[in-house]
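Here is the structure we will look at, set down as structure tokens.
The values are calculated or read from the model by the stated rules, or taken from the named source; none is laboratory data. Everything numeric in this text was worked out from a predicted model, so none of it was measured. Counting neighbours? That spans all protein chains shown, and the Cβs are built from the backbone with ideal geometry, glycine included. Calculation scope for accessible area: heavy atoms of the full protein, side chains included, ligands and nucleic acids excluded. Shrake-Rupley method; radii C 1.70, N 1.55, O 1.52, S 1.80 Å.
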Amino acid sequence: MRHGRANYKLGRVTQHRWALFRNLLVALFRHERIMTTEAKAKAVRGLADQMVTLAKRENLHAKRQVLAMVPDETVVKKLFDTIAARFSDRNGGYTRIIHAGTRPGDRASMVVLELVDRPEAPREKGKKDAKAEKAPRGEKADKGEAAAGARKGRKKKAAVAAG
């Protein structure tokens, strides 16, 4: 029985598990949104909240503590400069988990782990815009010389077969 064992093992030895957590933290703070399995997201969200809390303190000791867990200096700089400033008036709850279905290979439950006050990037063209730009049915787009040659070949074969 697992009485009093509250952490996630994730089927890894301790060193590999901590390396996984470091990599997930670097990716999360670099991109501010990552897709991972539900168990990994739940395991790393407490560490992510702890790193943001340390970054809000803005002193050298806190920066060294974050660097011990997040080994990328550019990500730590971003964490201390932009992310900590964004969460300055918030007391905890810096991450959000959104369910995203299952992974096709093994049906693992996938989630999106993201920072809560993430600025939204402008979306690219949606499906409606793509349909509007598509040529009408009567006016086929030029498919190149290969398509023209294939049409001529079909006409010749039809003429030979007919007579």
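Filtering region 21-49 to residues that are closer than 19 Å to PHE80 by Cα, assigned to a helix (DSSP H, G or I) and among the basic types (Lys, Arg) leaves ARG22, ARG30, ARG45.
Listed here are the residues, each with its yes/no results for (1) among the aliphatic types (A, V, I, L, M); (2) in contact with a Ser or Thr (Cβ under 8 Å, 6 or more places away or on another chain).
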{"residue": "ALA19", "(1), (2)": "yes, no"}
{"residue": "ASN23", "(1), (2)": "no, no"}
{"residue": "ILE34", "(1), (2)": "yes, no"}
{"residue": "GLU38", "(1), (2)": "no, yes"}
{"residue": "ALA41", "(1), (2)": "yes, no"}
{"residue": "LEU47", "(1), (2)": "yes, no"}
{"residue": "GLN50", "(1), (2)": "no, no"}
{"residue": "THR53", "(1), (2)": "no, no"}
{"residue": "HIS61", "(1), (2)": "no, no"}
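Within region 62-79, the set of residues being touching a Leu at 6+ places or on another chain (Cβ under 9 Å), over 16 Å from TRP18 (Cβ atoms) and open to solvent by 20 Å² or more (accessible area, probe 1.4 Å) comprises LYS63, GLU73. Taking region 80-97 as the range and being open to solvent by 70 Å² or more (accessible area, probe 1.4 Å) and part of a strand (DSSP E or B) as the test, only ARG96 passes.
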